[in-house]
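The values are calculated or read from the model by the stated rules, or taken from the named source; none is laboratory data. Fair warning: this is a prediction, and the values are worked out from it, not measured in the lab. Here the Cβ is made from the backbone with ideal geometry for all residues, glycine too, and neighbour counts use every protein chain on show. Areas reflect the complete protein model, heavy atoms only, side chains present, ligands, DNA and RNA absent. Shrake-Rupley method; radii C 1.70, N 1.55, O 1.52, S 1.80 Å.
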Amino acid sequence: RPERADLPPGVPNLTSPWLLWLTWELEERWRILHAAWRLHGDAAAGRLLQRELAALATWEKFTEMNDQTGLGAAHLAGCLALALANPQGWDPALLASARTAAAKLIAGDFVPWFAKQWTADKPLTQQRLVNIPVIALARAAELARVTGSPRLATFDRRMIEILRVWARFRTGPEHHTEGTTYDGYLLDSVTGWLATH
C-alpha cells in the first residue's frame, strides 16, 4: 500500500484519489490475469494473480488516503471475491494470505464503516442512496459470501433492503438516478454481488 509521502502532489485545493486510481489499474490487471488463468488455462497468469492478491495481506488498511472506506476498498473486495470464489488451482499458502487480506478488509474497513454508514435508525432516502456507499456495501456483501464471513447476513439484509428502495426510487415518481453511466457502474457491483447468490 502506498503512503501519502510516496504519492505525487495532487491538484491544488483538491484531495487527489490516488489510491482509487491505483486500485482501478490493479482491478483491470487482476481481471485480465483472472480471465487468462480461468478461461484460457494460463498457469503463469494464475500464479502472478495469486501472488499479487496474497500481497494485499501486508496492507494495514484498505481505506482511501483520507481514511474513508469507499470505491478503492470496494474494488479490492470485488477482485478478491472473484478470485477467491474458486479455490481450485490456488497455491495453499497464497490462498491463505489472500483470505487473510479479505478478512482484514471486512473486519478492519467494512465493519466499522457499515456501523456508521448504514445504521438502521436512519431512513433510506435518495440522499443516502448515492452510488459510492451502495457500491461499497454490495462488494462487501459479495466478499463476505465468498469467504463465509460471519458478517454476511448483516451485509446481505441491508443490501437487499437498499436495492428494493433504490429500485422503487429509480422506477417511481421520485425517479432517483445519478445518470446512466453512474447507475450502470452501480449495477455492475450489484450484479457481482447477486452472482454470488
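For the range 98-187, which fully contained helices (runs of 4 or more DSSP H) count at least 1 residues that are of a type in the set (S, T, N, Q) and open to solvent by 70 Å² or more (accessible area, probe 1.4 Å)?
Per the criteria, 152-171.
For the range 142-150, state whether one or more residues are under 19 Å from Phe62 (Cα atoms), among the small types (Gly, Ala, Ser) and in contact with a Phe, Trp or Tyr (Cβ under 6 Å, 6 or more places away or on another chain).
Yes: the range 142-150 contains one or more residues that are under 19 Å from Phe62 (Cα atoms), among the small types (Gly, Ala, Ser) and in contact with a Phe, Trp or Tyr (Cβ under 6 Å, 6 or more places away or on another chain).
Checking Leu19 against (1) surrounded by 13 or more Cβ atoms within 10 Å (Cβ to Cβ); (2) in a helix (DSSP H, G or I); (3) modelled with pLDDT of 95 or more, which test does it fail?
Status for Leu19: all satisfied but (3).
Please work out if Trp24 is open to solvent by 70 Å² or more (accessible area, probe 1.4 Å), closer than 21 Å to Asp188 by Cβ and part of a helix (DSSP H, G or I).
Judged against the criteria, Trp24 is a match.
Can you tell me which residue among Ala44, Ala74 is assigned to a helix (DSSP H, G or I), free of Cβ contacts under 8 Å to residues at least 60 places away in the same chain and either crowded, with 18+ Cβ neighbours inside 10 Å or not charged (D, E, K, R) (or both)?
Selected residue: Ala44, the only one of Ala44, Ala74 that is assigned to a helix (DSSP H, G or I), free of Cβ contacts under 8 Å to residues at least 60 places away in the same chain and either crowded, with 18+ Cβ neighbours inside 10 Å or not charged (D, E, K, R) (or both).
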